[in-house]
Each structure stands twice: as C-alpha cells, then as structure tokens.
Amino acid sequence: MSTLTISAPAAPLVRAKKAMTSWEFWGLVLVVPYLLLFLIFVVYPVGYGLWLARHPASYEALFEDPIFFRSLINTIIFLLVAINIKMAVALLLSGFFVQKRAWIKWLSLLFILPWAVPSIPTILSVRFMLNPEWGVINTMIYNLTGLDGPNWLNDPTLALIFAMLMHIWKSLPFWTLILVAARMSIPAEQYEAASVDGASNWQKFKFITWPSMRTIYLTSTILSMIWTLGDFNSVYLLTGGGPADLTHVLATLGIRYLRLDQVDLAMASIVVAVPLIAPLMYFMMKRLSK
C-alpha cells in the first residue's frame with residue numbers, strides 16, 4: 001500500500017519587518033545624544049592620541065630619554081607606597097570615625113575638608129609653606145633655632161615624599177568614608193555575640209571586620225591605583241616635576257613633552273601606561289564579578 005506524503009508549504013524567505021514601537025523609538029532618540037557625546041569626547045580623542053603615537057620612532061626616543069625611566073620608577077613607587085599607606089590609614093581611621101559620639105561627628109566634618117576643597121589652592125598653599133626663603137615652616141625653624149631650614153622641594157627624594165603625602169592628605173577622607181560605610185554594613189549582632197564570648201578587639205577585627213571588609217578594601221585599593229595613575233595635581237602643582245625633572249610621574253611626563261612641543265612623545269608616554277592600567281582593571285573587574 002503506497003503512502004502519500006504531503007509536504008508543508010515553504011516558509012516565506014523574507015519575513016515582514018517588525019515595526020518599531022513607540023518605546024523603542026523614544027529609547028533610540030534618547031540614547032543617540034549620549035552615543036554622539038561618547039564618540040566625540042571619548043572615542044575620537046583616544047583614537048587621535050593613538051594615531052599620534054603610532055610611530056615606533058616615538059617609543060625609541062621615549063625609551064632613550066632617562067627622564068622616562070625615572071618617571072616610571074617614580075610612578076611605581078607612588079602606587080606601591082602612597083596607595084598602601086593611604087588605604088591602611090583609611091582602614092584604621094574608619095574604625096575611629098564609625099563610633100557614634102557627637103564630637104567624633106564634628107571632627108569628621110573637619111577631616112573631610114581637604115578632600116572637599118579644590119586641589120589648586122590647597123596644594124599651592126602647601127607649596128608656599130615649603131618655600132625655603134619666606135615659607136612659614138622655614139620661618140618657624142629660623143625663629144626657634146636661628147638656623148635656615150632645608151630647601152624642601154629642591155631634594156628629589158624629599159619632593160617626591162611630599163608629593164605622596166599631598167596625595168594621601170587629599171584623598172584619604174574619601175577612602176575613609178568608603179570604609180566607614182563598609183564597617184556600618186556589618187551587623188552589630190556579630191560584635192555583641194563576640195563580646196559575650198569574650199573576644200578581644202583584635203579577634204573581632206580578625207574574624208568579623210576584616211572578612212566582611214576584605215573585598216571592598218582590595219577593590220578600593222585597586223581602584224585608587226587606577227585613579228592615581230592619572231593623578232596630575234599632587235605632583236605637578238607641588239613640584240612641577242622638579243627639581244631637574246626628577247619627580248615626574250607618567251601623569252605629568254606628558255605635560256613636559258607638550259611644553260617641549262613633542263606631541264608624539266607625550267602621547268607615547270600615555271600609551272606606555274596602558275600595561276600598568278590593564279592588569280589593575282582586569283583584577284578589579286574579576287573581583288567585582290564574584
């Protein structure tokens with residue numbers, strides 16, 4: 001007995017195009033301006049900078065410049081020393097400012113001031129204070145001892161130390177606030193239970209505080225390193241890269257080349273910072289995705 005097979009009608013090759021809904025239309029209208037701004041102010045400048053730094057000769061000239069290696073070492077020292085000291089102090093201070101006492105709340109307002117005020121007047125004020133001839137610090141030393149004070153910013157090591165202290169002083173309140181918020185998210189019942197069990201303050205920190213804050217602390221440290229790589233104010237406003245261009249970091253080195261009308265070297269000095277930023281961004285995103 002033969003069977004009859006009836007094939008299904010073929011589907012139309014071209015489906016009718018679905019009309020855009022009003023929500024999709026207005027969503028597209030609202031997104032387009034942001035895309036244009038992103039293209040104009042982010043994609044184009046970055047692309048133009050990479051185009052300017054495309055010649056291998058720029059990197060050869062950069063690597064032959066001793067100021068570049070000095071700036072690279074300064075940048076690494078700045079990141080490893082200043083950031084870790086800042087975050088460790090912020091962790092300690094967060095334990096102090098989290099206390100619910102009236103005078104501590106008033107003190108916290110003064111503590112936030114360095115971060116809240118603009119960078120230019122505050123850093124320039126410190127630079128004036130360190131002036132060897134008429135600065136308030138050397139004037140005080142002379143009045144007390146009759147001796148001339150040191151030329152603080154004329155020594156490369158001292159100048160870099162002061163630049164790191166300036167960075168710590170300016171950004172310490174912000175990271176302290178972040179860690180205070182992290183401490184406040186820890187349930188008070190855990191500390192009460194630990195107190196009942198006779199735990200010391202160190203044991204409370206070791207077994208309750210640090211495990212709860214470890215992720216936010218490490219993420220903040222990495223984020224601070226990324227931001228500090230682009231910190232221009234602390235070094236340039238305080239030392240100007242001097243003396244003898246020995247306190248430059250990568251963030252200020254580009255300005256030095258721009259002032260010397262070497263745009264290609266300025267862009268190349270920024271591009272070589274990418275290998276420092278990329279691992280930090282990778283580890284930060286990896287931690288945030290957990």
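General remarks:
- Long-range neighbours under 7 Å by Cβ, at least six apart or interchain, first residue within 13 Å of residue 179 (Cβ to Cβ) and among the polar types (S, T, N, Q) within the stretch 192-219, second surrounded by 14 or more Cβ atoms within 10 Å (Cβ to Cβ) and at pLDDT 90 or above: 209/183; 209/186; 212/186
- Hits in the stretch 159-204 - residues which are more than 22 Å from residue 225 (Cα to Cα) and among the hydrophobic types (A, V, I, L, M, F, W, C): 184, 186, 188, 193, 194, 196, 199, 202
- Of the helices (runs of 4 or more DSSP H) contained entirely in the stretch 37-146, not one carries at least 2 residues that are open to solvent by less than 30 Å² (accessible area, probe 1.4 Å), in contact with a Gly (Cβ under 8 Å, 6 or more places away or on another chain) and of a type in the set (Phe, Trp, Tyr).
- Subset of the stretch 271-290 that is in contact (Cβ under 8 Å) with a residue 24 or more places away in the chain and not in a helix (DSSP H, G or I) - its residue that is nearest to the chain's Cα centre (by Cα): 273
- Any hit, the stretch 240-260, residues being more than 21 Å from the chain's Cα centre (by Cα), at positive phi and touching a residue at least 24 places away in the same chain (Cβ under 8 Å): yes
- Residues being open to solvent by 80 Å² or more (accessible area, probe 1.4 Å) and among the aromatic types (Phe, Trp, Tyr) - total across the stretch 147-167: 0
- Selection within the stretch 68-92 - among the aliphatic types (A, V, I, L, M) and either touching a Phe, Trp or Tyr at 6+ places or on another chain (Cβ under 8 Å) or on the phi > 0 side of the Ramachandran plot (or both): 87, 90, 91
The values are calculated or read from the model by the stated rules, or taken from the named source; none is laboratory data. The structure presented is a predicted model; accordingly, all values stated were derived computationally and were not measured. Note: ideal-geometry Cβ built from the backbone for every residue, glycine included; neighbour counts use all protein chains shown. Surface areas here come from the heavy atoms of the whole protein model, side chains and all, with no ligands, DNA or RNA. Shrake-Rupley method; radii C 1.70, N 1.55, O 1.52, S 1.80 Å.
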